[in-house]
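A.B. asks: One structure, pasted below without further comment.
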Amino acid sequence: MSGVEVFDNWIDGAFVAPASGARMPTSNPYSGEVWAEVADDPDAVDDAVRAARRAFEDGPWATMPARERARLMRTLGELLTRDADVLAGAETRDNGKIIRETTAQAKSLEGYLDYFAGMTDKIIGQQIPSPAPNFLVYTERVPKGVVGAIVPWNSPLALLTWKLGPLLAAGCTVVVKPSDITPVTALMLAERASEAGIPPGVINVVTGGASVGAAISSHPDIDKLTFTGGGPTAKHVARAAAENLTPAVLELGGKSPQILFADADIEAATNGLLAGIFAASGQTCVAGSRAYIHEDIADEIIGRLVDRAGQLVLGDPSELTTEMGPAASDEQRDRILSMIDAARDEGGTIVAGGVVDPELGGRFVRPTIITNVDNRCSIVRDEVFGPVLAVMTFRDEDEVLKLANDSEYGLAAGVWTNDIRRGHRMARKLNVGTVWINTYRNVSYMAPFGGFKQSGYGKDNGIEALDAFLQTKTVWVELEGITRDPFVVG
Ligand code: NAD
């Protein structure tokens, strides 16, 4: 394994080798080569939590002037932009996402940190009306403390920064666990945080697999968990968190519907459907994986989708012209193929793709479109996390609303119509956390993002995200004399 880079954990402002010496490889899904090795030692979580606790209790992070915290966050953002190409290159090497997207994501991080830096000096309590003239009652908004942040592999830096922005603004410190598939860029971010002047112990990164994640979720000295990943893992996290009554934000998967009415702009809608499912090879939580197309336009739209899916440029994700990269791992590819097989067994017709690309082989599943399925089929109910679109038809608005809401998930939905009233009616009735009308996949640091139902609870982004990392302390001051019976509460 010559040329393999070795990375230690990042704890208390420095790289620290795992005491056990245990390590795991990380490979490039396009070439299959192992390019780095990282620590995989759950015992390191304890050290990282201690460092984060010290940094929280002893300061200066939580107590420094708000504008100073903001300045350090903004400096980190600038350094991430400065090094966006390096970060994007590492991310593409790790998860096989096309370089255009990883570069755009790396360049977006500064905006997230800047937005939440702007909140540091707007964290304010309230003066509460006094129940008697001689009392002063007020609240303070104080940081939760030490946060455990566990993130997935599909947009590692972006999803981590969605969490870092609000938790750093609140004055919290953090132990991060990146995915075992994409461990490196979180370490790169932590190094740049140190260069920015963010004190040691504020951001700690412990790499590794499920045992490291489990050590974080069950750690009694973590005050708040924030997790992005799959539902089955989230249940482990939530159960472990419950043992310590640790509150958690859970951002989970989806099976998001895209609804096309007959009056939609057909070209825009077709583009939206294609990008919604095939961007990042379908490996996005918001993948629009269920298409409901009005029966009057279904044949035309399916024809267009099949044509365009066949023309997508698959290949080396580090090439600027590539439109779709590989699945991020062999396990992921196998899961996608087995779900396509199940759809076939349940009567589905594969009208595009359905196979590993004969020329690229390996981990490239061709953009896949499946018809002759309905809401009872597993391909319509279960998250694939791959380039697989299930297409169904509908007759009217009431019918499609029922079909779209008939899912255990509730992350997002797309509606394509030129009837403005219908668009808003649908938005009101769709039981999901985000609705896109005549667009798809937009996210912003300003817009709350998070799912309903089995897609999770709590929000990333927007003002609301800050609340997860703050708690309210109420202070009573008796300004003069004893005015009441101290043995009576009320
Ligand atoms: P995953 O659930 O397998 O892993 C997520 C993280 O949890 C990883 O860091 C993993 O190492 C860790 N982990 C694994 N076992 C653990 C355990 N027992 N205890 C604690 N942590 C553990 O998810 P994934 O495959 O990395 O990511 C794909 C999933 O993430 C999909 O379901 C996708 O929809 C979801 N996702 C959701 C959002 C969102 O914002 N809603 C965004 C991106 C991805």
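A.B. asks: Here are some pairs, LYS122/LYS255; LYS255/LYS473; LYS97/LYS177; LYS224/LYS402; LYS429/LYS473; which of them have Cα atoms lying more than 31 Å apart in this structure?
C.D. replies: Distance filter (> 31 Å) returns LYS122/LYS255; LYS255/LYS473; LYS224/LYS402; LYS429/LYS473.
A.B. asks: Which sequence of ARG344, ARG69, ARG422 reflects their accessible areas, 1.4 Å probe, from the largest down?
C.D. replies: Ranked from most to least accessible, the order is ARG344, ARG422, ARG69.
A.B. asks: Shape call for the chain from the C-alpha gyration tensor, a ≥ b ≥ c root eigenvalues: rounded (a/c under 1.5), prolate (a/b greater than b/c) or oblate?
C.D. replies: Taking the square roots of the gyration eigenvalues as a ≥ b ≥ c, the chain is oblate.
A.B. asks: Here's a follow-up. Roughly how many Å² is the accessible area per residue of the chain, as a whole number, for a 1.4 Å probe?
C.D. replies: 41 Å²
A.B. asks: What FRET efficiency would be calculated for the residue pair LEU360, ASP58, taking the C-beta separation as r and a Förster radius of 45 Å, to the nearest 0.05?
C.D. replies: Plugging the Cβ-Cβ distance into 1/(1 + (r/R0)^6) gives 0.25.
A.B. asks: With labels modelled as points extended 7 Å from the Cα through the Cβ direction, what inter-label distance (nm, one decimal) is found for MET446 paired with ASN244?
C.D. replies: The answer from the label model is 3.7 nm.
A.B. asks: Which order do ARG239, ARG381 take when ranked by solvent-accessible area (1.4 Å probe, heavy atoms of all protein chains), largest first?
C.D. replies: ARG239, ARG381
A.B. asks: Rg and Dmax in Å for segment 195-251, alpha carbons only: what are they?
C.D. replies: 12.5, 38
A.B. asks: Could you grab the relative contact order for the chain? Cα pairs under 8 Å, six or more apart, rounded to a whole percent.
C.D. replies: Contact order relative to length: 17 percent.
A.B. asks: Using a 1.4 angstrom probe on heavy atoms only, work out the carbon and sulfur share of the accessible area of the chain in %.
C.D. replies: 51 percent
A.B. asks: Next question, about the same structure. In terms of the Cα gyration tensor, with a ≥ b ≥ c the square roots of its eigenvalues, is segment 131-227 rounded because a/c is under 1.5, prolate because a/b exceeds b/c, or oblate?
C.D. replies: It is prolate, given that a/c is not under 1.5 and a/b is the larger ratio.
A.B. asks: Over all Cα pairs of segment 235-313, how is the pair count split among 10 Å bins, expressed in % and running from 0 up to the last occupied bin?
C.D. replies: Final binned percentages: 16, 37, 20, 12, 12, 2.
A.B. asks: So if I take the centroid of the Cα atoms in segment 158-173 and the same for segment 250-323, what is the distance between those two points in Å?
C.D. replies: Rounded to whole Å, the Cα centres lie 31 Å apart.
A.B. asks: Want the number for ASP396 to VAL489: 0.36 nm per residue separation, take away the alpha-carbon distance, what's left?
C.D. replies: Answer, rounded to one decimal: 27.5 nm.
A.B. asks: Could I ask something else about it? In whole Å, how far is the Cα centre of segment 1-68 from that of segment 326-376?
C.D. replies: One Cα centre to the other: 36 Å.
A.B. asks: Shape call for segment 81-185 from the C-alpha gyration tensor, a ≥ b ≥ c root eigenvalues: rounded (a/c under 1.5), prolate (a/b greater than b/c) or oblate?
C.D. replies: Judged from the Cα gyration tensor, segment 81-185 comes out prolate (a/c at least 1.5, a/b above b/c).
The values are calculated or read from the model by the stated rules, or taken from the named source; none is laboratory data. All values derive from a computational prediction rather than experimental measurement. We place every Cβ from the backbone using ideal geometry, glycine too, and count neighbours over all the protein chains shown. What goes into the accessible areas is simple: the full protein's heavy atoms, side chains included, and nothing from ligands, DNA or RNA. Shrake-Rupley method; radii C 1.70, N 1.55, O 1.52, S 1.80 Å.
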